[in-house]
Amino acid sequence: DAGITQSPRHKVTETGTPVTLRCHQTENHRYMYWYRQDPGHGLRLIHYSYGVKDTDKGEVSDGYSVSRSKTEDFLLTLESATSSQTSVYFCAISDRTSGNYEQYFGPGTRLTVT
Amino acid sequence: AQTVTQSQPEMSVQEAETVTLSCTYDTSESDYYLFWYKQPPSRQMILVIRQEAYKQQNATENRFSVNFQKAAKSFSLKISDSQLGDAAMYFCAYLVGGNTPLVFGKGTRLSVIA
């Protein structure tokens, strides 16, 4: 299994509070991604990174920001959490060298905003 | 924008039987990659099989195989000799090269009946 961890694994927070989710990898992969999973929507991309300090928006980026100051860590921040951001968040990584385009996923973080 | 459509929100299969999950995608690209991911109740995303668009031969991984019809933009997953452990959400995903991220379908929930 790819070395990807997410922290915390579960979090309950109140509306209006800031929240930061962390993704950590030990694979030295260049690409990292944040998705959210909601019933009936599958996985939707929030932000992704294609290198240290290189990030781009995904399909559902409003209300989220990211940072990547080193290869192994990719942080997702909800500046002011809302109930609509209650979801399961997945981090993924990929290498993309030698035609290897698979994405490997972390275990997910269940976030509840009350 | 590329889209991936899974037209069957839910399916069921008897243990030891064969089931086919459908996936269609919309793209103007000629070179791309297709994937099927499995998500069991543990929530972990597991890569089942991949297909490169430039390869005419359909990919196979043990009991899992695909029927890739490039002209029809169809990428179905066949599970043979279904087992109870195959019960999961299955996601079809599409990727073009470069920095672009995976695009997921909304998933098909597969139940296996003993």
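The values are calculated or read from the model by the stated rules, or taken from the named source; none is laboratory data. Just so it is clear, the model here is predicted, and its values are computed rather than measured. Don't worry about glycine lacking a Cβ; one is built from the backbone with ideal geometry, like all the others, and counts go over all protein chains shown. For the accessible areas, the whole protein counts, side chains as well, though only heavy atoms, and no ligand, DNA or RNA atoms are used. Shrake-Rupley method; radii C 1.70, N 1.55, O 1.52, S 1.80 Å.
What is the packing order of peptides B:27-33, B:39-45, taking the mean over residues of other C-beta atoms within 10 Å and listing the highest first? Working shown, then result.
Details: B:27-33: 13.0, B:39-45: 15.1.
So the peptides B:27-33, B:39-45, ranked by packing, come out B:39-45, B:27-33.
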Across peptide B:24-37, how many C-beta atoms of other chains are within 10 Å of each residue C-beta, on average? 1
If you find the alpha carbon centre of segment A:59-99 and of segment B:53-68, how far apart are they in angstrom? 31 Å
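Just to confirm a number: summing +1 for Lys and Arg and -1 for Asp and Glu over residues other than B:Thr18 whose beta-carbon lies under 13 angstrom from that of B:Thr18, what do you get? Please list the in-between numbers first.
On the way: positive: B:Arg63, B:Lys78; negative: B:Glu15, B:Glu17, B:Asp81, B:Asp86.
Result for the local shell: -2.
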Total charge dipole magnitude, chain B, about the Cα centre, Cβ charges on Lys, Arg, Asp, Glu only, Debye to nearest 20: 140 debye
Accessible area expressed per residue, the protein assembly as shown, with surrounding protein chains retained (probe 1.4 Å, Å²): 47 Å²
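Per-residue Cβ counts within 10 Å, from other chains only, averaged over B:45-54: what number is that? List each step's numbers first, then the result.
Values: counts 11, 3, 4, 0, 0, 3, 0, 2, 0, 0.
Mean partner-chain Cβ count within 10 Å for B:45-54: 2.
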Charge-dipole axis of chain A as Lys and Arg at +1 and Asp and Glu at -1 on Cβ define it, positive-most pick from A:Leu111, A:Ile4, A:Val88: A:Leu111
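Before anything else, pin down the relative contact order of chain B: Cα pairs under 8 Å, at least 6 apart, normalised by residue count, whole percent. Don't jump to the answer; show the numbers that get you there.
Working: 278 pairs, mean separation 42.5, N = 114.
RCO, chain B: 37 percent.
What's the local net charge at B:Arg63, with K and R +1, D and E -1, over the other residues with C-beta under 15 Å away?
Numbers: positive: B:Lys38, B:Lys78; negative: B:Glu15, B:Glu17, B:Glu61, B:Asp81, B:Asp86.
Local net charge: -3.
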Run down the lysines and flag those whose C-alpha is under 24 Å from the C-alpha of B:Lys106, throwing out any fewer than 8 positions away in its chain. A:Lys57, B:Lys38, B:Lys70, B:Lys73, B:Lys78
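Would you mind putting B:97-103, A:51-57 in packing order, based on average other-beta-carbon counts within 10 Å, highest first? Display every interim value, and only then the final one.
Working: B:97-103: 16.7, A:51-57: 13.4.
With the highest mean Cβ count within 10 Å placed first, the list reads B:97-103, A:51-57.
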May I ask you to give the percent of accessible area on the protein assembly as shown that is carbon plus sulfur, with a probe radius of 1.4 Å? 45 percent
